[in-house]
Structures are given as C-alpha cells and as structure tokens.
Amino acid sequence: MMAERPDATLTEDMFDEPKRSVVATPRARFWLRFRRHRMAMAGLVFLVVVVLLAVAAPWVTQHLPTKIHSGLTRAAPTADHILGGDVAGRDIWSRVVYGGRVSLSVGLVAVSISILIALILGTLSGYYGGAVDMIIMRLTDIMMVFPTLILIMAVVSMLGPSIYNVMAIIGLLGWPSSARLVRGQILSVREWDFVMAARCLGVQDRNIMFKHILPHVLAPLLVAATFGVAGAILTEAGLSFLGLGVLPPTPSWGNMLNGAQSIYILERHWWIWLPPGMAILLTVLAINFVGDGLRDAFDPRMTLD
Amino acid sequence: MSTYILRRILLVFPLLLGVTIINYTIFALAPGDPVSAMIDPFELSQMTEEDLQAAREALGLNEPVPVRYLLWLGQAVQGNLGYSIWFNTPVFDVMLRALGNSMPVMIFALLISTIAGITLGIISALKPYSLLDSVLTTFAFAGVAVPGFFFALLLIYAVAIKMDILPTGGVTTPGVEPSLGNRLSHIILPGLALAYETTGSLLRYTRSSLLEVLHQDYMTTARAKGLVEHVVILRHGLRNALLPIITILGLRLPSMFGGAVLIETVFNYPGIGLTMVQATGMRDYPLLMGGVLMTAVLVLLSNLLADLSYTVADPRIRYEEG
C-alpha cells in the first residue's frame, strides 16, 4: 500500500519538517489540511458509521422496520426493543436504521440530479456567453425567487407523494445556485494565465474547457454538493413530516417525527420522536462539518502552519 | 447612482414576468377543471352545463395555453387570483389574512436573529479559537443543521410543556379574552423556532467577515492613531464587516417562507405556511398557485429593497456602468 502511495508517507513526515510541505503533492496537502479540521474529521467518522449502519441494516436490527408487534404500541425501550415502539407498534431502532437508508439515498440522488443540471447549464452559460448565458442566467434568477419548499410542495401535490417523486423534484428544483457557481468559476478561471498559455500553445477550445478549466470548477462544486446533500436531507425530512414525502409504512426520519405532532406523545413518549430528530440533526451537522473542512482544504490560501 | 437604482427597479419587471410564466406553466399541468377555479363557488353551484360552456368561452379557457396565460395575467395584475376551492373565497383574501398572521412572526424572527447573530458573531470574532468561540460556532452549526420543525418540537416540549410558561400553539388561547399580550405570547415560540437557522448563518458570517476586516490597512491606521482597541473594532471594523448583512437578510427570505411552512404546522398557527400545507392536502390548486406567486413576489421585492439599501449604505459603490 505504502509503496503505491509515496505521498502518504511524506504526509507523516511533514509535521516534523514543515519545509517539505512545499514539495508535497496537491492530494497530500489537501488531506493534511482536511485532517487538521477537527470537526470535519469527527463529522467524517460519524458519517462513516451512519453509512455502515444503513448498509448493514438487516444485520444490526433484530426486527423488520414495518413489522407490527402486538403490545409494542408506544412501549418504552427494553432490551429486545432498545428504542421502544412507535404509535403502530413497530420497532423504533430498526425504523431509525432503515430510515437512514431512505434519507441518505434521497439526499445523494437528489443532489446528483441537481449537480448534473448545474454542470450542464453552468458550463453552457460560461462557455458560450452572449445570448445563451443571458437566457440561462435569467432563468436561474427567476428560479431562485421561488421559496423552494413551497414550490416543491405544490409539485408534490400534483404528482403525489412517493420517495421517487421526492428525489426527482428536489433534484430538478435544486440546481440554480450551483449553476451560478459553475458559471462564475468558469468565467474567472478562463482569465487565468495558464489558460492563456494553453491557448498560445494552440490547444483546442474543447480541450481547454475539459482538461484545463473544468477541473478547477469541480472543487467548489464538490463543496456545494456536500452542503446540498445536507439541504436535501432536511427538505425530505420536512416533506415526509408533512405527509408529502416518503409515506409510512416505509420509514423515514421525517415521517417518524410525524407522531410528535400530538402533545400527548410529545410529553410522554420521548423515544418516539427524539431518536429520528437527533438522527437528522447529527447527520446534517456532520455533513456540514465535512463540507466546511473540504472548503478549507481546497482553499490554497489556507496555510499549513 | 440614480441610473443604477432606476435600472435595478426596471429589472424587476422581466423577473416578475418570468415568475408568472413558470408559475402558470407548472399549474397548467395540474389535474382538474380550471373553470371551477375562476368562478365564485356559489354561482358555480347554480350553473347548468350550458352556462359552464359559456363561462369557459367567456374566460377564454377554450383558447390555447399562451392566450390563456395572458388572460390569467390580466386578471392577476388586478388582484384576481381566482377562488380557493377549500375556503370558498377569493385566493387574494385568503392569502392576505394568512400573511397578516405570518408577518408578526417573521418580523420577530428577523429582529431576534439579526440582534443575536451579530452580537454573538462579534463575541466569537474578538476571541477566535477560544473555548467560547468553539461553543458559539457549534451553536451556529447546530442552528443550520437542526430541522426547524424538530427545534420547534423541542421548544414546545421544554418551554410550553415542562416549564408551562408559553402556549403550545394557535393564535390566541381559546376561552380567554383576546388581548395584545395573549396574542404576542403566541408569537414568541414560533418566532424563536424560525429565527435559529438565520441566527446561525448570521453568526458565522459576522465572525468570518469581522476576522477578515481586522487585518485591513485602515484598521492598522486606526490603531496607529492611538485609538482604544474596542473603538477600532466597533467603529472601524464592524461598520465595514456588516454591510453585506443587508444582502444576506434579503437572501434568507425564501428559506424563511419554507421554514414557516413547517413551523406553523407544528404550532398550528394559521399563517401562510399552514395555509399552503392545507391547500396541498385539499388539492386546492388555485390557492396553491396564488400562494406560490405571492411568496415569490414578496421575495423579489425584498431582494430589490435589500439591493437598494445596500447602495445607499455603502458610499463606495458607484454603479456608473450599471
């Protein structure tokens, strides 16, 4: 392993010999900066645990998330049901774990859709300029005026609530800010000296675009995508909480909180609403910390000492 | 500068037109008979099939979509957004009543988050990387990460149920003589729930912006003049650090409307958010369409206001080129 990645061993030495950081590869410098961000590392570790739990859901739970157990209705936690039962008598621990699958996949799919749209529209806009740029950017301006959640609700009410509709709608309406980011980044990178140098050497326009400019767009876009996943998870939770997203019996962290709308449950049965709420809070917090760490690590102005 | 202001105001109109086109296109796909949306429900119940046909013809509903859009737009600019199916009244009236309930909560939330966000941000920036700074930064991150409705539930649990000092929801307490105090007590918890996210982002913004400004040359100049450190920071640093806050507050408004949807549902508070949730549940498309349009127009106007106050607040900005 080490032999294949000489930069990894170099990273270890750099703490002792700061001069070496000048010669380290960009990847090593990136990883070093990211690791110094303690909250980002903590967030990353937490996310790895959440993802592992979601992937290994059948092995870390004893009960099916949709199975209704007699006598488990609103039952307090026991050794067998470590987080007790919900209003319908289903095991809350397994619903939280399986709900993680839903939340994470909605977040990832929705953001993949919006990042793809943003990349296409932003590149067209930044590359062609002129009328194309004008039309795409005005469309972006208009889309950004709509309060996203209200617009999503309206579309969901027409198409009907389901996990796939929610993924698609969040994704299809979430691109404007990233498209603007891609365009802005292309416009600024286009003016840099190395692009001029490539042009002087006679490199084709298309190659300049894909080989020289786009790589510089990807770093900030990855940061935006990370925050986007957090935002999409929150949106899905909100929609499912309102009954407009993922519908029971399929568990989602948002629809599990639905029961807490009753003051009776809110007051007496904390295990019904606290676990899914904390799951959303901690996961989104962890993703935001990782996003923050990525942004700092990508920023070449951040010094290593 | 006046040319810039004029141009900025004129720019609102094409955006407004775009908003109505997208809004109309989305709702043109909605199922249901559009004729029932445009006629007073009482009259509608008295009409025969021939009357309905005639009404469709008169309203232009047999025309192609672009023509129908123009006819709808002509009505919309006069304030006629059709009739709510669920409330049996004009959409405009329903939205106005809901807005009247939402506004106090939103204004309270904006005030609280601006004051708390900026104050805590300054405290954070004055002692960077201290324990207090870490606590405040975590507080700010949690504000952006916590779902507004979950925070609202926690507030109800702690303040309304356990401490029992504020109501759990509604606009007034049923059975109690309506008074301003009673009305205001119902605004506090939803307002706080709505304010947390904006507080968090303003705190983080103020902190990083102030930290950046502290290294500027004019700060060194101010110190070299022999000014006391807190005068340097508050008078010279803060003024420059806080200018973009106006823009940030303007940009927060769309997500505040989104937050209001969930928080008003939790508090059963009949503002714009709860009305939209009810409209979604009832498939009341005219009401939904009017609500989307109205919130979008409010966002557009507040962005304009933010931009204009920014040009007034920052004398360095000169928009000669526009």
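The values are calculated or read from the model by the stated rules, or taken from the named source; none is laboratory data. Treat the numbers as computed from the prediction; the structure is a model and nothing was measured. Reconstructed Cβ throughout: ideal geometry from the backbone, glycine too, with neighbour counts over all protein chains shown. Areas reflect the complete protein model, heavy atoms only, side chains present, ligands, DNA and RNA absent. Shrake-Rupley method; radii C 1.70, N 1.55, O 1.52, S 1.80 Å.
Data for the structure
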{"read-out": "Inter-residue pairs, beta-carbon under 6 Å, first closer than 20 Å to B:Tyr83 by Cα and modelled with pLDDT under 80 and in region B:56-68, second among the acidic types (Asp, Glu) and not in a helix (DSSP H, G or I), 6+ apart", "value": "none"}
{"read-out": "Hits in region A:210-243 - residues which are open to solvent by 10 Å² or more (accessible area, probe 1.4 Å) and over 19 Å from A:Ser114 (Cβ atoms)", "value": "A:Phe210, A:Lys211, A:His212, A:Pro215, A:His216, A:Leu242, A:Gly243"}
{"read-out": "Counted residues, region B:82-96 - those being of a type outside the set (Phe, Trp, Tyr), open to solvent by 20 Å² or more (accessible area, probe 1.4 Å) and touching a residue at least 12 places away in the same chain (Cβ under 8 Å)", "value": "2"}
{"read-out": "Flag if B:Ser113 is within 23 Å of A:Gly231 (Cα to Cα) and more than 12 Å from chain A (Cβ to nearest Cβ)", "value": "yes"}
{"read-out": "Helices (runs of 4 or more DSSP H) contained entirely in region A:206-281, each with at least 1 residues that are of a type in the set (D, E, K, R)", "value": "A:214-241, A:263-268"}
{"read-out": "Residues within region B:39-69 that are more than 25 Å from B:Ala279 (Cα to Cα), assigned to a helix (DSSP H, G or I) and of a type outside the set (Gly, Ala, Ser), tallied", "value": "7"}
{"read-out": "Pair list, Cβ < 8 Å and 6+ apart or interchain, from region A:137-153 residues that are more than 7 Å from every other protein chain (Cβ to nearest Cβ) and part of a helix (DSSP H, G or I) to residues that are small (Gly, Ala, Ser) and surrounded by 20 or more Cβ atoms within 10 Å (Cβ to Cβ)", "value": "A:Met137/A:Ser125; A:Thr140/A:Ala179"}
{"read-out": "Top-ranked residue of region A:35-50 - restricted to ones that are part of a helix (DSSP H, G or I), within 14 Å of another protein chain (Cβ to nearest Cβ) and touching a helix residue (DSSP H, G or I) at 6+ places or on another chain (Cβ under 8 Å), ranked as surrounded by the fewest Cβ atoms within 10 Å (Cβ to Cβ)", "value": "A:Ala42"}
{"read-out": "Matching option when the condition is touching a Pro at 6+ places or on another chain (Cβ under 6 Å), within 14 Å of chain A (Cβ to nearest Cβ) and hydroxyl-bearing (Ser, Thr, Tyr), among B:Tyr285, B:Tyr269", "value": "B:Tyr269"}
{"read-out": "Subset tally (residues that are within 14 Å of another protein chain (Cβ to nearest Cβ), open to solvent by less than 50 Å² (accessible area, probe 1.4 Å) and either farther than 20 Å from A:Ile263 by Cα or not in a loop (DSSP other than H, G, I, E, B) (or both)) for region B:147-195", "value": "15"}
{"read-out": "Residue, farthest from A:Thr73 (Cα to Cα), within region A:271-290, restricted to residues that are without any contact (Cβ under 8 Å) to a residue 60 or more places away in the chain and more than 8 Å from chain B (Cβ to nearest Cβ)", "value": "A:Met278"}
{"read-out": "Qualifying positions in region A:234-252 - more than 9 Å from chain B (Cβ to nearest Cβ) and closer than 19 Å to A:Leu47 by Cα", "value": "A:Glu236, A:Ser252"}
{"read-out": "Hey, A:Leu172 within 14 Å of chain B (Cβ to nearest Cβ), closer than 28 Å to B:Leu251 by Cα and part of a helix (DSSP H, G or I) or not", "value": "yes"}
{"read-out": "Lone unmet requirement of (1) open to solvent by 10 Å² or more (accessible area, probe 1.4 Å); (2) within 24 Å of B:Leu251 (Cα to Cα); (3) under 22 Å from the mean Cα position of the chain (by Cα) for A:Leu139", "value": "(3)"}
{"read-out": "Selection within region B:108-146 - in a helix (DSSP H, G or I), among the β-branched types (Val, Ile, Thr), within 22 Å of A:Ala286 (Cα to Cα) and open to solvent by less than 50 Å² (accessible area, probe 1.4 Å)", "value": "B:Thr137, B:Val144"}
{"read-out": "Members of region B:290-301 that are open to solvent by less than 30 Å² (accessible area, probe 1.4 Å) and at the interface with chain A (Cβ under 10 Å from one of its Cβ atoms)", "value": "B:Gly291, B:Val292, B:Leu293, B:Thr295, B:Ala296, B:Val299, B:Leu300"}
{"read-out": "Residue match in region A:180-187 (condition: within 13 Å of another protein chain (Cβ to nearest Cβ), among the charged types (D, E, K, R) and in a helix (DSSP H, G or I))", "value": "yes"}
{"read-out": "Members of region B:273-288 that are more than 18 Å from A:Thr235 (Cα to Cα), in a helix (DSSP H, G or I) and open to solvent by less than 40 Å² (accessible area, probe 1.4 Å)", "value": "B:Thr275, B:Ala279, B:Tyr285, B:Pro286, B:Leu287, B:Leu288"}
{"read-out": "Count of region B:249-265 residues which are within 7 Å of chain A (Cβ to nearest Cβ) and over 10 Å from the mean Cα position of the chain (by Cα)", "value": "3"}
{"read-out": "Number of positions in region B:220-267 that are in a helix (DSSP H, G or I) and open to solvent by less than 30 Å² (accessible area, probe 1.4 Å)", "value": "21"}
{"read-out": "Residue check, B:Pro104 touching a helix residue (DSSP H, G or I) at 6+ places or on another chain (Cβ under 8 Å), over 28 Å from B:Gly291 (Cβ atoms) and more than 14 Å from chain A (Cβ to nearest Cβ)", "value": "no"}
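Residue by residue, here is whether (1) hydrophobic (A, V, I, L, M, F, W, C); (2) free of Cβ contacts under 8 Å to residues at least 24 places away in the same chain; (3) within 14 Å of chain B (Cβ to nearest Cβ); (4) open to solvent by less than 50 Å² (accessible area, probe 1.4 Å) holds:
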site: A:Leu104; (1), (2), (3), (4): yes, no, no, yes
site: A:Gly107; (1), (2), (3), (4): no, no, yes, yes
site: A:Ile117; (1), (2), (3), (4): yes, no, no, yes
site: A:Tyr127; (1), (2), (3), (4): no, no, no, no
site: A:Gly130; (1), (2), (3), (4): no, yes, no, no
site: A:Asp133; (1), (2), (3), (4): no, no, no, yes
site: A:Pro161; (1), (2), (3), (4): no, no, yes, yes
site: A:Asn165; (1), (2), (3), (4): no, yes, yes, yes
